[in-house]
Amino acid sequence: MNIHSASEASEAYIALGANLGNREATLKEALHRLDQHEAIEVLRCSRIYETEPVGYLDQPQFLNMTAALRTTLAPEALLQVMLEIENQLGRVRDIRYGPRTVDLDLLWVEGQTLDTPDLTLPHPRMMERAFVLVPLSDIVPQDQSGASLHSKLAAALQELDGKEGMRLWTSNEWEDGSEHSGN
C-alpha cells in the first residue's frame, strides 16, 4: 500500500550488477541515466565489489553495487524506468541468472510493501545475497527511517555464508564527490 502521494518523494534502494563489457563504466552510465530522469535523484552509492556468479556459474565475475535514490515515482513506474535503462544498455534476458551488461533490481522503497506479478517489495531475496547485503550496508543510514532496515541488514550479514566470494573493486564517488561513509 502506498502511503505517499504521487508527488511526494520517497527514498529507494536499488542493486546494480554487470559482468559483460566495461562493467564499471556500464554501472556508472546506469546511475547517470537514473539521475538524469526528472523524477529520480541518485543520493548515495556504495563501493563497487567484484563477486562470483550465483546460480549460473559458467560466466565472468560480476561488479556489484547499490544506490540510494530519491524519487517521486511509484515503485512500478520506477521499475519500468530501470528496465528501460537495462534495455538501452544492451541487457539481454536469455539465461536465468546468466551474463548481462547490466542488471538493476529494485530492493526497497520507503513505506512500501508490494506483492504483484511484476514487483515484490522488499525484494524477496535481498537478505540472502552477499552481493546485495554488503554494498547495501555501505549506504543504509543507521538513524531515522533507515534504522530498522539497517538492523535487519546487520543481522542478515551475521548469518550469511559466501561473503568470502566478494572483493572490494573500488570506492565509488558520486558526482557531488561525497561518498557515504561505510560501517
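General remarks:
- Here the strands (runs of 3 or more DSSP E) wholly within the stretch 1-91 that include at least 2 residues being closer than 15 Å to W169 by Cβ are 10-18, 48-51, 62-71.
- Restricting E11, E24, E38, E50 to residues that are open to solvent by 60 Å² or more (accessible area, probe 1.4 Å), of a type in the set (D, E, K, R) and either out of contact with any Gly (no Cβ under 6 Å at 6 or more places or on another chain) or at pLDDT below 95 (or both) narrows the list to E38.
- Filtered by the rule that a residue be more than 24 Å from L73 (Cβ to Cβ), β-branched (V, I, T) and surrounded by fewer than 16 Cβ atoms within 10 Å (Cβ to Cβ), the stretch 95-141 gives a lone residue, I95.
- Residue under evaluation A18, criteria (1) on the phi < 0 side of the Ramachandran plot; (2) open to solvent by 10 Å² or more (accessible area, probe 1.4 Å), criterion not met: (2)
The values are calculated or read from the model by the stated rules, or taken from the named source; none is laboratory data. In this text the structure is predicted, and so the values were computed from the model without any measurement. So basically every Cβ, Gly included, is an ideal-geometry build from the backbone, and we count neighbours across all protein chains shown. Ligands, DNA and RNA are stripped out before the accessible areas are found, and what is left, the full protein with its side chains, is counted by its heavy atoms. Shrake-Rupley method; radii C 1.70, N 1.55, O 1.52, S 1.80 Å.
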